[in-house]
1. Lysine pairs, Cα distance under 20 Å, 8 or more residues apart or cross-chain: how many in region 168-267?
2. Within 10 Å of each residue's Cβ, count the other Cβ atoms and sort V259, V78, V213 from fewest upward.
3. Pulled fully out, how much extra length does the chain show between R39 and A197, if you take 0.36 nm times their separation in residues and subtract their Cα-Cα distance?
4. Tell me the net charge near K216. Cut-off is 10 Å between Cβ atoms, K216 excluded, with +1 for each Lys or Arg and -1 for each Asp or Glu.
5. Considering amide H positions built from the backbone, and no H for Pro or chain starts, which residues 5 or more places from V210, or on another chain, come under 5 Å of its amide H?
6. I need the phi-derived Karplus couplings for region 209-219: 6.51 cos²θ - 1.76 cosθ + 1.60, θ = phi - 60°, integer Hz, Gly and Pro marked x.
7. Starting from the Cα of K248, move 7 Å in the Cα-to-Cβ direction to define the label point; list residues of region 167-202 whose amide nitrogen is under 14 Å from there.
8. Rg and Dmax of region 168-267, Cα atoms, in Å?
Amino acid sequence: MLGSKLDIFNQQWIDVVFEGRNKAYGAYELRKDNGRNARTALIIAVIVFAAIISANTIINFITGFIPKAKEKIKITNVVLAPPPVDIKKPPPPPPPEPPKPKVDQVKFPPPVVKPDVEVKEKPPTIEDLKIADPGQKNLKGDKNADVTIDEPVGNADTKVTEDDGNKIFTSVEQVPEFPGGLDKFAAYLAKNIRYPAVARENNTQGRVIVSFVCEKDGSLTDVKVARGIGDGCDEEAVRVIKASPHWKPGIQNGRPVRVAYSVPINFTLSEE
């Protein structure tokens with residue numbers, strides 16, 4: 001026995017160790033039951049671990065067998081009250097009758113081609129029209145009535161307003177024009193544009209679009225760059241347009257108006 005593999009929890013080794021000692025002290029029982037207690041603890045730990053892992057699956061499995069309670073839907077009829085009606089408000093008064101004309105009117109029926117036997121109502125004669133005006137029905141004139149010509153139609157309180165003089169047009173009958181036309185404008189640009197030194201050094205070339213408002217007197221306001229190329233060319237284009245002489249203003253309905261306008265200015269370096 002002693003030559004076999006050492007196992008301090010073997011019952012024979014335990015008996016040898018506790019030979020002649022008080023076995024009722026407690027240590028003897030612990031050594032003797034150690035293997036069984038270890039196996040029991042391991043089994044319990046495995047069962048608890050498996051139960052924790054599969055708890056969600058078990059709950060879903062059990063829940064599937066339990067019928068769900070049906071929700072009760074309560075339907076309630078709602079009666080909408082009719083909209084309030086203002087009974088006290090009186091109906092609008094009938095429109096006043098038009099005043100009597102100063103000259104008698106005779107009914108002038110519209111011309112319809114019919115056989116003579118079917119004509120029941122004859123048109124007024126030339127003699128009748130000499131003393132009366134044609135109308136939709138026969139009316140007796142009032143010699144004391146006031147004569148009104150071309151009365152305004154619709155609401156009598158409507159006021160006639162003039163067009164806004166500050167309105168800026170984008171399309172007009174006659175567009176603004178540089179004095180002398182496009183050729184004079186090109187000559188003006190060629191004479192007054194100073195090519196920026198930075199743009200010349202960087203070989204910057206292109207087209208600058210300058211927008212402005214041509215006023216009623218031909219002066220140019222709100223001058224700004226709509227599309228530029230940089231290196232000082234944008235500022236030079238704005239300077240030249242601001243220094244431009246007055247233009248011919250745009251014309252709309254026979255009168256000068258404010259017009260939004262734009263012109264391209266080309267910056268090109270000549271080849272030396």
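Where a number appears in this text, it was derived from the coordinates with a stated rule and is not lab data. These numbers were taken from a predicted model, which means no experiment stands behind them. Neighbour counts run over all protein chains shown; Cβ positions are idealised from the backbone, glycine included.
1. Working: K184/K242; K184/K248; K191/K242; K216/K224; K216/K242; K216/K248; K224/K242; K224/K248.
Final tally of qualifying lysine pairs is 8.
2. Numbers: V259 23, V78 4, V213 16.
In order of increasing Cβ crowding within 10 Å: V78, V213, V259.
3. Values: separation 158, 0.36 × 158 = 56.88 nm, distance 9.73 nm.
Separation in residues times 0.36 nm, less the Cα-Cα distance, equals 47.1 nm.
4. Numbers: positive: R255, R258; negative: E215, D217.
That works out to 0.
5. Under 5 Å from the amide H of V210: A226, V263, I265.
6. Result, ordered by residue: 9, 10, 10, 7, 10, 8, 6, 5, 8, x, 6 Hz.
7. Residues 173-185 qualify, since their backbone N sits under 14 Å from the label point.
8. Radius of gyration, then largest Cα-Cα span, for region 168-267: 14.2, 49 Å.
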